[in-house]
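A short write-up of the structure that comes next.
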Amino acid sequence: MFPGITGRAAVSVLLACLTWNACAAADAPTPGTDFLVRADPPVPRPSSRPCSVELVRMTTNGVGKGNFDYSSQSCGNGPWAKVVLEMDFVLTDDQEEQGLALPLNLWLSGVNLYSGNVALAGNHVQMQPCFELYCGHTERDVTDYLPLLAYRNGAPALESNWVIGVGQEAYVPAPYFAGIATLKFYPATAAEPASAVPDAIFPLGAAGFRTGNYYAVGALADLRGTSDRLAANFNVSGQQTLPRNIERAYLDVIVRPSTYHYVPTTGSTQGHVEPHDAWYSCLPAPLAVVFPRLLLDAKHNFAAHCIGGAFREAQVSIDQQPAGVVPLYPAYPSLSERDAKLWRPATQPQELLNLPHRVDLSPFAALLSNGAPHTVSVRIASNSVPGLTNNPVAGAWASATLLVYQDRRVQQVTGMLTRNDLAGQPAVPKQRSTVTRDRQGNLSGSVATTLSRHFVIDGYVNGSRGRIRHRVERWVGFDNTQAFSVPAEPVAPLQRKVLQKSITLRSTETGKTRTYLNGVLADEHITNYGYPISSFYYLWRDPTVEREIRRLRQDVGLQLVHRANGNTVYSSVTQNLTGAELDTTTGLFPYRVFTKVNDRGGWQTFRFNDSVGSCYDAMLATRDGKLATWETGGNCTDGQNRLSWRSRPDGSPDSLGWLQYP
């Protein structure tokens, strides 16, 4: 806080800080800083001067929600080469020792423009001190949402929400917070032409669709069970209406997984439910029942303290027919100061910005165009078993946006869905356990959860250019292995024990989408996603001292190749590699009480390159809670980072609107 300034007075200074750009992020953070840093690239911009529209500025001293009116805001009709959403925010340092992640969501007319965390351990991305506060900046390319952001048919009244801490009210103390959201429209030029964008977009959940325990604020859904759905009904009274000439369709899905598990209250028959992001650490229910010792050391580690299995994925359906899958990003929990220490002052991937996963629904274009009622929905699939104590609910905070491209030369397209292999492949993973108990009661072994699927979804539309066929092919893999070495209960008060646990997860999706125009292959889009994570936990304990080691490796990989008429016209590779380790020794009461950090460090490497000349390379290392080293451009020509304004180096869905679609 400011010296002698608290409460509402501090909030006024926060807004002043933002207004005068006192919180500008440093291009190159200085080694030795303890402010949060990341190696992620910025959103590349065109060279034209942008038109800025301030969406909202807000202050709050608690879990906040606010509405704002966008109808009076306009930069004209464009055309626009790119649109970027900038989020600037500050908060007091009251939460620095709490280390809690405070979620923030921003919607415009039910469409999620931003989802992320604005407060992790009281710090923000590449920040400078702002009058003894913490301030930060993050941004997202929202060009594909131009049908909502730019006015083509007047200026409709759009009521929107800015929500802080939704879904975390019971677990996240709220600091004094101030923030400003700004849209920047970059005019198109001859050298930087306007991007081809969807013709219309539709949010899921914005019309109040409810089923089961579904709960929503704006378009954010808390899906706490496998029967809950985030959905939108179309072409029915009072709901959104789809156009009758859809040529292509996509669904942007943002999922932030949460496992809710039952925690008993000491000295009471009652308990409570707490959120837990490490869903990939949950044990199969039968294994936990046979070997309950696997759960007893949960207080020392995030691993294996919930029951229900380690598999999760989001599933997209159209009229209850499977239409696509979304691998869930395996985030590391950041719900406590203790968890945050593993990373500080670096960040883990997708911590400040949850990137959407784009599902290609183009084979269903003719079906969605027939004028009949339709329901597009998202659910969470898992291998949890309902009805068990401490059994997690397969939960997630989710939002989704439908993007459609139209054939403007006809009022009605025809066609049909011709093949859907996914409809016959339910998400039922295989489980294999080698956990055994020896004569002394020690447990050792592993449990593996795997699922591998290959499917093709095929369909066509008849329009002004003839028949356009969309063939979507996907290979989806899930491989999770948890290994244990858990000692028996000590038989004597002074007996030592050693506990080890490790988790290795590899979640992948390889996609190939082919578009045929009148029987000739015209367009091919290939993607490879990878979300590997590995963790190791070691605990050595006797009655006087405890040593704990936690080690984590977490990566994100994306490869994209786009071909037209048999020629590669664009390709890119994105890698975000991170790791961290924390080694501590603690003296135990009533003996000598102390805490010693033996080793604490982390690192991040972010690399991006594409076929239009972009190259980005940044590396950082942390040590003892401070930035140790920072390097950029190491693998680029002349040691300089270069990003084309066309590229999306953060790994977000790329419509390649600057390429001519066949």
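The values are calculated or read from the model by the stated rules, or taken from the named source; none is laboratory data. Just so it is clear, the model here is predicted, and its values are computed rather than measured. Don't worry about glycine lacking a Cβ; one is built from the backbone with ideal geometry, like all the others, and counts go over all protein chains shown. For the accessible areas, the whole protein counts, side chains as well, though only heavy atoms, and no ligand, DNA or RNA atoms are used. Shrake-Rupley method; radii C 1.70, N 1.55, O 1.52, S 1.80 Å.
In this label model, Glu631 and Glu489 are separated by 5.3 nm, measuring between points 7 Å along each Cα→Cβ vector. Remark on Val142: its backbone amide H falls under 5 Å from those of Val83, Val84, Leu85, a criterion applied only to residues 5 or more positions apart or on other chains, H modelled at 1.01 Å from N. Close amide H contacts of Ser611 (hydrogens built in the peptide plane, cut-off under 5 Å, sequence separation of 5 or more or a different chain): Ser571. Would you grab the residues whose amide H sits under 5 Å from the one on Thr189? Only those 5+ places off in sequence or on another chain, please, with H modelled 1.01 Å from N. The answer is Ala194. With every protein chain present, what accessible area does Ser572 have (1.4 Å probe, heavy atoms only), rounded to the nearest 10 Å²? The value for Ser572 is about 10 Å².
Using the C-alpha gyration tensor of the stretch 540-612, what are the square roots of 5 times its eigenvalues, in whole angstrom, with the largest one first? Ellipsoid semi-axes (Å, largest first): 50, 10, 5.
Let's test the formula: R0 of 30 Å, r as the Cβ-Cβ distance of Glu473 and Val410. What FRET efficiency results, to the nearest 0.05? Walk me through the numbers before you get to the answer.
Numbers: r = 28 Å, r/R0 = 0.93.
Plugging the Cβ-Cβ distance into 1/(1 + (r/R0)^6) gives 0.60.
Please give the length that would be gained between Asn462 and Ser74 if that part of the chain were fully extended, namely 0.36 nm times their separation in residues minus their C-alpha to C-alpha distance (nm, one decimal). Could the numbers behind the result be given before it?
Working: separation 388, 0.36 × 388 = 139.68 nm, distance 3.64 nm.
Between Asn462 and Ser74, full extension yields an extra 136.0 nm.
Compute for the stretch 505-626: radius of gyration divided by Kirkwood radius, i.e. Rg/Rh, restricted to C-alpha atoms, rounded to two decimals. Intermediate results must be reported in sequence, preceding the final value.
Details: Rg = 23.1 Å, Rh = 18.2 Å.
In the stretch 505-626, Rg relative to Rh is 1.27.
With all protein chains in place and ligands, DNA and RNA left out, the 1.4 Å accessible area ranks Lys596, Lys626 as Lys596, Lys626, largest first. Taking all protein chains as shown and a probe of 1.4 angstrom, Glu581 keeps an accessible surface of around 50 Å². When its C-alpha radius of gyration is set against 2.2 N^0.38 Å (N residues), the stretch 397-485 gives a value of 1.90.
Across the stretch 555-662, counting alpha-carbon atoms alone, Rg and Dmax equal 20.9, 75 Å.
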